[in-house]
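Structure first, then comments.
The values are calculated or read from the model by the stated rules, or taken from the named source; none is laboratory data. This structure is a prediction, so every number in the text was calculated from the model and none was measured. Areas reflect the complete protein model, heavy atoms only, side chains present, ligands, DNA and RNA absent. Shrake-Rupley method; radii C 1.70, N 1.55, O 1.52, S 1.80 Å.
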Amino acid sequence: MSSYPILKHLHLLFVVLSLTGFIVRGLLMMLESHWLNRRWMRTVPHFNDTLLLVFGLLLLHYGPWTLQHPWLQLKLGLLLVYIGLGFVALRRGRVGRAARINAWWLGVMVYLYMMSLAYYKQPLWMFN
């Protein structure tokens, strides 16, 4: 029995948990909630995203895809963009509230586009 379907479903679980966590933390940021200061609110997302990355790398190792596929290259590049937007959106600091909210919205949009890349396997699937 192949382990690929199990790895894929676990990866998808962590994808959904990661996006849900990002949305919830963004909403809490907009509400200026004290919940964001709780230790578990800062550590659980890192744990989940680490598992997401591990299962993504396992899929790359055991699956039919290689880094030569343009959609996968774009997805990995957008992952770096998403991480940067997440830093701007969820870190307290010198960035103003409007910039943080805009970074959060852009982060959600980038994440959704990465999900569509994984589903359609085409960088410009909406134009095909």
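Structure notes:
- Over the chain, relative contact order from alpha-carbon pairs under 8 Å, at least 6 apart, %: 28
- Of the solvent-accessible surface of the stretch 4-96, computed with a 1.4 Å probe and all protein chains present, 72% belongs to carbon and sulfur.
- Between helix 39-62 and the chain: long-axis angle, C-alpha atoms, 0 to 90°, nearest 10: 10
- Whole-number D in µm²/s for the stretch 34-97 (Stokes-Einstein; Kirkwood sum over Cα pairs; 37 °C, 0.692 mPa s): 234
- Here the Gaussian network model covers the chain, with springs between Cα atoms less than 10 Å apart; of Asn37, Asn48, Asn102, Asn37 fluctuates the most.
- Helix 4-30 axis, angle to the chain major axis (alpha carbon atoms, nearest 10°): 20
- Overall Cα dimensions of the stretch 1-42, principal axis frame, Å, largest first: 48, 18, 6
- Accessible surface for the chain, divided over its residues, is 68 Å² per residue with a 1.4 Å probe.
- Residue order for Met30, Met115 - accessible surface, 1.4 angstrom probe, largest first: Met115, Met30
- Using C-alpha pairs under 8 Å with a sequence gap of at least 6, the mean separation divided by the residue count of the stretch 56-110 gives a relative contact order of 29 percent.
- Percent of alpha-carbon pairs separated by more than 23 Å within the chain: 37
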